[in-house]
1. Residues being among the acidic types (Asp, Glu) and without any contact (Cβ under 8 Å) to a residue 40 or more places away in the chain: count how many of those fall in segment 179-222.
2. Take residue 259 and decide whether it is among the polar types (S, T, N, Q), within 24 Å of residue 303 (Cα to Cα) and modelled with pLDDT of 95 or more.
3. Run residue 120 past the list (1) within 17 Å of the chain's Cα centre (by Cα); (2) not in a loop (DSSP other than H, G, I, E, B) and report the number of the one that doesn't hold.
4. Return the only residue of 147, 154, 141 being more than 15 Å from the ligand (Cβ to nearest atom) and under 12 Å from the mean Cα position of the chain (by Cα).
5. Does residue 130 meet the test of being modelled with pLDDT under 95, more than 9 Å from the ligand (Cβ to nearest atom), surrounded by 16 or more Cβ atoms within 10 Å (Cβ to Cβ) and under 27 Å from residue 41 (Cα atoms)?
6. Being within 17 Å of the chain's Cα centre (by Cα) and either within 15 Å of the ligand (Cβ to nearest atom) or assigned to a loop (DSSP other than H, G, I, E, B) (or both) is the filter here, so list the residues in segment 219-234 that pass it.
7. For segment 89-123, which positions are near the ligand (Cβ under 9 Å from one of its atoms) and either polar (S, T, N, Q) or surrounded by 15 or more Cβ atoms within 10 Å (Cβ to Cβ) (or both)?
8. Taking segment 185-199 only, how many residues are of a type outside the set (A, V, I, L, M, F, W, C) and either near the ligand (Cβ under 9 Å from one of its atoms) or at positive phi (or both)?
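The values are calculated or read from the model by the stated rules, or taken from the named source; none is laboratory data. Because the structure is a prediction, the values reported are computed rather than measured. Cβ: placed from backbone, ideal geometry, glycine included. Neighbour counts: every protein chain shown.
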Amino acid sequence: MKTRDKIFTLLSKSDTVLSGEAISRELGISRVSVWKHIRWLINAGIPITASAKGYMLEPDEDSLTQFGFGDRKDRIHVYQHLPSTMDQAATLARGGCPDFTVVVAERQTRGRGRLARVWLSTDGGLYFTVVVRPDLPIDLAHLVNLAAAVEISALLRFTYSIDAWLKWPNDILVDGRKICGCLSQMEIEGGLIGFLSIGIGLNVNNDPGPVSPPAVSMKQLLERAVSRRKVLLDFLERFEARLSSINPPVLIEDWKRYNNTIGREVSVVTATKTYAGRAVDIDDQGGLVVEHDDGSRETVIYGDCFYN
Ligand code: BTN
């Protein structure tokens, strides 16, 4: 661990001011060196206050600097502004970045949703893309999208007691209002998955306002601000654990347990066609099975689902 990471860790574990002397003793470095590292951290945007008594990390739980991400720090790329985290993630992925590299942006100027829709990135939301390189056949790649949505919904449900429901393929709704959307992009290399970028827009501390379709944020539901850093870290832990031992039948079961699509009359819009009927199941690749009035069935692998 680098010295500045050690200093950040010491400060983050302390809820009072830490003197330069205490830090220098703990790390076996001079006080001048402590100050140089502190100055570096402050310049990197870490909210540290320096006083005659020493140094203290402001209790800014929401801060999204890479220093709050422990061992993941070197794989987290944080930006104040980006057109879209999807593009930056694709650039890093094509350059060979490691599995679970994450691109986060405080704001996106050209955030995008499925089917080329605009994704508004209002202040306080969590906008990120995770690059993964799963060891899966291409026809199971869609399961990775489902896994991301399952883990976000589990996080909302079990850590924050939010009554989150999955809408096929990977929207998350609370009381009919959208709290999270996921977008994925895949590149194939030599007939295998080269990488998958999973882009997630989660309404955390933002106020989505009166948009259509209706949306809601964690802050609005919980009536308090939530640490975006904690949400992101918890999600990454869950998602990585899920993918490291992915079990398709178990994943499908987990998705089914918390979905509210199956059993509904739906219209599924794809780039080429709209499928209308009753959603009756998802298949073992995560495709939605739609039954028509005459009893015939079609399976849709990717699209946008509307409840009728
Ligand atoms: C959808 O519901 O249509 C998907 C929305 C996905 C939005 C996220 S925000 C982070 C990432 N960057 C983007 O430009 N889009 C995804």
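1. Narrowing segment 179-222 to residues among the acidic types (Asp, Glu): 187, 189, 207.
When the remaining residues are screened for being without any contact (Cβ under 8 Å) to a residue 40 or more places away in the chain, the result is 189.
Residues flagged as among the acidic types (Asp, Glu) and without any contact (Cβ under 8 Å) to a residue 40 or more places away in the chain within segment 179-222 amount to 1.
2. Values: among the polar types (S, T, N, Q): yes; within 24 Å of residue 303 (Cα to Cα): yes; modelled with pLDDT of 95 or more: yes.
Yes; evaluated as a whole, the condition is true for this residue.
3. (2)
4. Details: 154 fails: under 12 Å from the mean Cα position of the chain (by Cα); 141 fails: under 12 Å from the mean Cα position of the chain (by Cα).
On inspection, the qualifying residue turns out to be 147.
5. Details: modelled with pLDDT under 95: no; more than 9 Å from the ligand (Cβ to nearest atom): yes; surrounded by 16 or more Cβ atoms within 10 Å (Cβ to Cβ): yes; under 27 Å from residue 41 (Cα atoms): yes.
Judged against the criteria, residue 130 is not a match.
6. Filtering segment 219-234 down to residues within 17 Å of the chain's Cα centre (by Cα) leaves 219, 226-234.
Listed by number, the residues that qualify are 226, 227, 228, 231, 232.
7. Result: 89, 103, 104, 105, 108, 111, 112, 113, 114, 119, 121.
8. Restricting attention to segment 185-199, the residues satisfying the condition of being of a type outside the set (A, V, I, L, M, F, W, C) are 185, 187, 189-191, 194, 197, 199.
Adding the requirement that they be either near the ligand (Cβ under 9 Å from one of its atoms) or at positive phi (or both) leaves 190-191, 197, 199.
The number of residues fulfilling the criteria is 4.
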